[in-house]
Structures are given as structure tokens and as C-alpha cells.
Amino acid sequence: MESKPDTIKVSANHKEEISANRADLFVTVKGSSLVSGDAAMKKAKEVSQLVEALTSLGVDSEAIHLQGVHIETSSGALLKSSSATYRLKIQCEKLDSLAEILDVVSEQKNATLERIAWKYNEDDARERGLLTALEKAKSKADKVAKTMGVKILGVYDLIENTFDEEMPYPQFAAMQAAPKRSVGITPEPSLGMDIQHNKTINVNVEIWYRVSAL
């Protein structure tokens, strides 16, 4: 069995906070009738009202997805008149429009915002974090080797660990219909939540350097 060479071990960490640049909104809509499949987007009255309001705002219809339908019936029979709850996902590609989208959802008395899933461009941040952590580790190893009077020969082993720190999103209660607005008055968005979100990317490295006497 080959013996382990002489090594020194150093660790380094880098943190970077990044902001969400897009979001997915998960909304439920209570409908008074049952429509299945893609037809629900146009034929389920309450769903089509929300879709029309969103597209009028400028949301691409392809960014609104029907994810499921929950049927509510006491008789056990499936009827077109059965009430249903439609689960929608709305993709917001530009957070500048998020407040307006939330306002539109809040105006629909049958719609409830369940949660927001924040999206990030995190690959670049993770790559920057890894490179920075490696540079910190190399600088630390050079100082340790100099102090101990040894020479660094190369890397024997390396472990990288990356994790995110993100505040949990709140669960939203049913959003009530907005009050009627007076003509000529620009309304404030009917919001009671954050419309921007950040998280911290943590990159940690542990490196064993092979060393020898000077």
C-alpha cells in the first residue's frame, strides 16, 4: 500500500450575494366549471379572465402554464358543472414587471398566489466563487509553507463544497380583490410582500498540498 506523501492542508471560503433576476409565480384559480387540458386556458371562465388580464399587461401567453386541475365534487361523478381548482405557473422573466403581475393576480377574486420561486444566474457566481476560494487557498498555503520551511510540490487532494443561503419565501394567504378605483387616480400596486429577493452563494475548498523539505 502506497504511503501518503507529506502534505499540508488548507481551507478557504468565499461568499457572494446575488439578486434574483426572474421568478416563477404559482397561482391557484377556483373555477365554477370543469375544463381539462389546454382548453382550460380559454374555456374555464375564471382562468381565461386571469390569462387575458396578464396578456393585456404584456405577459407572453407561453409564459402561463396549466400545471394541474383539482376537481371538487360531493357526488363522486365528474360533471362539466363540477367546480375545480386550476394550478397555474406564471413565468416572470423581468422583475421590473413583477409588481404589476402581482397586482393583476390580486384583482382576480378567484385567484390565490401560493408562492414565488426566485430564479438566479448562479452558475457565473459559483465559478467566480470557486476561483476566488482557490486563490485564497493557494495564498494561505504559500504562507504556511514558508513559515514551516517546506516547499510546495503540487496538489495531493481537493474537496469543493458549494451551498446556498436563501431566506425562505413566505406562504401567501388568499389575495383579496382590489377595491374599485377612482377614474384619473393612478393606483398603487396592492402588495404586501417583497418583490426582490437575494441569496448568498458559499464556496468552500479544502486542499491538501504535497510538500518537501527545502
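One table, with the values for the structure above:
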{"quantity": "Rounded FRET efficiency, nearest 0.05, which uses the C-beta distance separating residue 96 from residue 166 and R0 of 30 Å", "calculated": "0.90"}
{"quantity": "Contour excess over end-to-end distance, with Cα ends at residue 83 and residue 124 and 0.36 nm allotted per residue", "calculated": "10.2 nm"}
{"quantity": "Per-peptide average of other Cβ atoms within 10 Å, ordering 24-36, 145-157 highest first", "calculated": "24-36, 145-157"}
{"quantity": "Using distinct alpha-carbon pairs, which all enter the 1/r mean, Kirkwood radius of the stretch 1-47 in Å", "calculated": "17.4 Å"}
{"quantity": "Mean Cβ count within 10 Å, highest first, over the residues of peptides 126-139, 52-65", "calculated": "126-139, 52-65"}
{"quantity": "Length released on extending from residue 3 to residue 135, taking residue separation times 0.36 nm less the Cα-Cα span", "calculated": "44.7 nm"}
{"quantity": "Label point distance in nm, residue 63-residue 114, each placed 7 Å from Cα along Cα→Cβ", "calculated": "2.1 nm"}
{"quantity": "Quotient of Cα Rg and 2.2 N^0.38 Å for the stretch 22-119, N being how many residues it contains", "calculated": "1.07"}
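Quick note: the coordinates plus some simple rules give every number you see, no bench work behind them. Because the structure is a prediction, the values reported are computed rather than measured. So basically every Cβ, Gly included, is an ideal-geometry build from the backbone, and we count neighbours across all protein chains shown.
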